[in-house]
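Here's the structure, in structure tokens; my notes come after.
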Amino acid sequence: MTELIRATNETQVRVALARGAGRAAANTGERFLDHMLVTLARYAGLDLTVEATGDLKHHLIEDVAIVLGAALREMLPDTVARYGDRTLPMDDALVQACVDLGGRAYYKGPLPSSYYEHFMQSFAANAMATVHLRVIRGRDRHHVVEAAFKALGLALRDALEDTGAVFSTKGAVALDSRSRGDRVPAGAAEAAAAPRGTDAARGGDAERGAPARGGREERR
């Protein structure tokens, strides 16, 4: 079980995450966010608990994504399958999600919601994951966003499969120590919110309080 806490003047976020059977509970005060977090965990086969409060909806959604991404990165063994690709329909919506958990932070969307577009960007930056979401079609924004979370969950389920082998030409990937109850750096939100393509968006830098807490090298 990986447990991370982030406390700032804007939000208080606690995330507990483990490989499991998709048992999930979220209490953020934002019902749709809670629904999406539970959906993501169940489709990914992750046991997840999220407790969060915040001053603004934007800050709350962003900071939950930051801590969730960091928790996923903390729990990853070197020997995961690394890649996942799923396409999922939901009524009028059809969304494809592709992920790489190899330590290269990048996000490409967009989603038809600034809140959840930024959630995905912050999640990818702090998980040090490559996440591509392609909205193939869809009229209802709710359906598109929910289909994206479900597709991402299924892609993560595939990527998180423990294969017993390292999928990298670099060989073993070094990891830092993982401790229960680690605190995510308060400055991580700045790095996660940085424009795509910058050093900060790819994992941040030490001066700004990077979301990437060191140790895991990128895999090629």
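Of the residues Ala165, Ala125, which single one is modelled with pLDDT of 95 or more and either within 24 Å of Arg82 (Cβ to Cβ) or under 11 Å from the mean Cα position of the chain (by Cα) (or both)? If you could, list the steps in order and put the result at the bottom.
Values: Ala165 fails: modelled with pLDDT of 95 or more.
When all the criteria are applied, what remains is Ala125.
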Problem - Given (1) in a helix (DSSP H, G or I); (2) touching a strand residue (DSSP E or B) at 6+ places or on another chain (Cβ under 8 Å), number of the condition His142 does not satisfy - result: (2)
Exercise for the section: Answer yes or no: is there a residue in the stretch 101-112 that is on the phi > 0 side of the Ramachandran plot and either touching a residue at least 60 places away in the same chain (Cβ under 8 Å) or surrounded by fewer than 22 Cβ atoms within 10 Å (Cβ to Cβ) (or both). Expected result: yes
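Return yes when Glu207 is part of a helix (DSSP H, G or I), farther than 15 Å from Ala71 by Cα, of a type in the set (D, E, K, R) and modelled with pLDDT of 95 or more and no when it is not. It would help to see each step written out before you state the result.
Working: part of a helix (DSSP H, G or I): yes; farther than 15 Å from Ala71 by Cα: yes; of a type in the set (D, E, K, R): yes; modelled with pLDDT of 95 or more: no.
No: the conditions fail for Glu207.
Please go through the stretch 125-151 and give me each residue that is more than 15 Å from Leu33 (Cα to Cα), out of contact with any Ser or Thr (no Cβ under 7 Å at 6 or more places or on another chain) and crowded, with 24+ Cβ neighbours inside 10 Å, ordered by number.
Residues of the stretch 125-151 more than 15 Å from Leu33 (Cα to Cα): 125-140, 151.
Now drop any that are not out of contact with any Ser or Thr (no Cβ under 7 Å at 6 or more places or on another chain), which leaves 125-140.
Across the stretch 125-151, the qualifying residues are Ala125, Asn126, Ala127, Met128, Ala129, Val131, Leu133.
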Problem - Residues of the stretch 37-75 that turn out to be over 16 Å from Met120 (Cα atoms), surrounded by fewer than 23 Cβ atoms within 10 Å (Cβ to Cβ) and aliphatic (A, V, I, L, M), as a count - result: 2
Exercise for the section: May I ask you to list the residues in the stretch 15-47 that are in contact with a Ser or Thr (Cβ under 6 Å, 6 or more places away or on another chain) and among the small types (Gly, Ala, Ser)? Expected result: Ala16, Ala25
Practice task
Considering each residue of the stretch 27-49, count those that are within 23 Å of Asp158 (Cβ to Cβ) and not acidic (Asp, Glu), and give that number.
Solution key: 13
Handout entry: Residue count for the stretch 1-38, restricted to those that are closer than 19 Å to Lys150 by Cα and hydrophobic (A, V, I, L, M, F, W, C)
Key = 11
Practice task
Show the residue pairs that are 6+ apart or on different chains and have beta-carbon atoms under 6 Å apart, the first residue being within the stretch 26-38 and under 15 Å from Val67 (Cα atoms) and in contact (Cβ under 8 Å) with a residue 12 or more places away in the chain, the second being surrounded by fewer than 18 Cβ atoms within 10 Å (Cβ to Cβ) and of a type outside the set (Val, Ile, Thr).
Solution key: Asn27/Glu51
Problem - strands (runs of 3 or more DSSP E) wholly inside the stretch 11-130 that include at least 2 residues being touching a helix residue (DSSP H, G or I) at 6+ places or on another chain (Cβ under 6 Å) - result: 11-19, 24-27, 46-54, 83-90, 93-100
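The values are calculated or read from the model by the stated rules, or taken from the named source; none is laboratory data. These numbers come from a predicted model, not from an experiment. Here Cβ is always computed from backbone atoms with ideal geometry, including for glycine, and neighbour counts include all displayed protein chains.
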